[in-house]
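Nothing in this text is a laboratory measurement; each read-out follows from the coordinates by a stated rule. Since this is a predicted model, take the numbers as computed values, not measurements. Positions of Cβ are backbone-derived with ideal geometry, glycine not excepted, and every protein chain shown enters the neighbour counts.
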Amino acid sequence: MKLEIMDAHIGEWLANDDPFETVGAVQGTIVRSKEGRTTTRFELDGQGYYVKHHKGVGWGEIVKNLVRLRLPVIGAANEWYAIDHLHRIGVDTLEGLAYGQRGWNPAHTESFVVTRELTRKVKLSEFCERWPTQAPSAKLRRAAIVATAELARAMHRSGMNHRDLYLCHFLIDAPNGAGGIQADNFRLCIVDLHRAQLRAAVPRRWLVKDLASIYFSAMDIGLTRRDIYRFLRAYTGEPLRHTLNEQASLWRQVRQRARQLYRRDHKRDAAEVFDG
């Protein structure tokens, strides 16, 4: 058995019994249950926490993913190490408090990760979905686009890809509520890291997947060509002309993948302003 504890309060909670029995018996609100993984919100002494409990996916699920050329998620390790990695490179994310794993069979390994509840946050997707009818100031719009691009850039350049990099997994600091979000202190964090991957460098196919996921989930928020070019400049750190000339094939693939995702989910083509 492996157990890592980063918080004394959670350590006391887990020390009362077998930590896996404690996690399995936690009383709270189940917010997600899928593929052998249950996420539960619970409270200790008025503080909110989340525990993601993996009970094993079985060989059938592992084989199904491998046949589809997808890496199966078989435990909480991905998320635990992704959280630590992001903190080390200065990207805001969850606060990992405890991690446990037991068993050697990959189809039946049991594991968990406990994180502190994030409060006073607004999903970037919810913030942006109002843009077509309630446009933010040009300064705030610019801040949101640049912050999104810079977070993705920092993550990718560090060798990490997310695999579910949709706008709903970016959270904006909003201590005064959604109406109080300001351009001058616009800050994002990234969550939902259970499928994240870490390597020396991110392979192109995974860069395309992450970037296409961002573009796909932003296709209905009223993006302009200027918005897209601003994202490209912030993400690459290069002059726009250089990016469009030297990385044309990459961004063409991103656009094609995003269009496929949109067509799959909406059964129609997206209205676009970016022609790749």
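Here is the link list: 34/139; 52/267; 34/123. Which ones come out longer than 29 Å on Cα distance? Walk me through the numbers on the way to the answer.
Details: 34/139 40 Å; 52/267 33 Å; 34/123 22 Å.
Violating the 29 Å limit, Cα to Cα: 34/139; 52/267.
Would you tally the net charge around residue 233, using a Cβ to Cβ cut-off of less than 14 Å, leaving residue 233 out, and scoring K and R as +1, D and E as -1?
On the way: positive: 142, 153, 225, 226, 230, 241; negative: 150, 227, 238, 246.
Taking every other residue near residue 233 into account, the sum is +2.
Taking 7 Å along the Cα-to-C-beta vector as the label spot, tell me the residue 245-residue 118 distance in nanometres, rounded to one decimal.
3.9
Below 8 Å between Cα atoms, with a sequence gap of 6+, how large is the relative contact order for the chain in percent? Intermediate results must be reported in sequence, preceding the final value.
On the way: 442 pairs, mean separation 45.4, N = 276.
Result for the chain is 16 percent.
Which residues does a label at residue 30 reach in the stretch 106-128, if reach means a backbone N under 20 Å from a point 7 Å past the Cα toward the Cβ?
So the set is 108-115.
How far is helix 248-266 tilted, in degrees, relative to the longest principal axis of the Cα atoms in the chain, given as a value from 0 to 90 rounded to the nearest 10?
70
Would you mind calculating the gained length between residue 150 and residue 126 on full extension (0.36 nm times residue separation, minus the Cα-Cα distance), in nm to one decimal? Spell out each step's value before the answer.
On the way: separation 24, 0.36 × 24 = 8.64 nm, distance 1.97 nm.
Gain in length upon complete extension: 6.7 nm.
Give me the angle, in degrees from 0 to 90, between the Cα long axis of helix 77-88 and the longest principal axis of the Cα atoms of the chain, rounded to the nearest 10.
Value to nearest ten degrees: 60.
List the aspartates and glutamates whose alpha-carbon lies under 14 Å from that of residue 209, not counting same-chain residues fewer than 8 positions away?
Filter leaves 164.
Taking the 0 to 90 degree range and rounding to the nearest ten, how far is the long axis of helix 204-217 tilted relative to the main principal axis of the chain, both from C-alpha atoms?
Taking Cα atoms only, the helix is inclined about 80 degrees.
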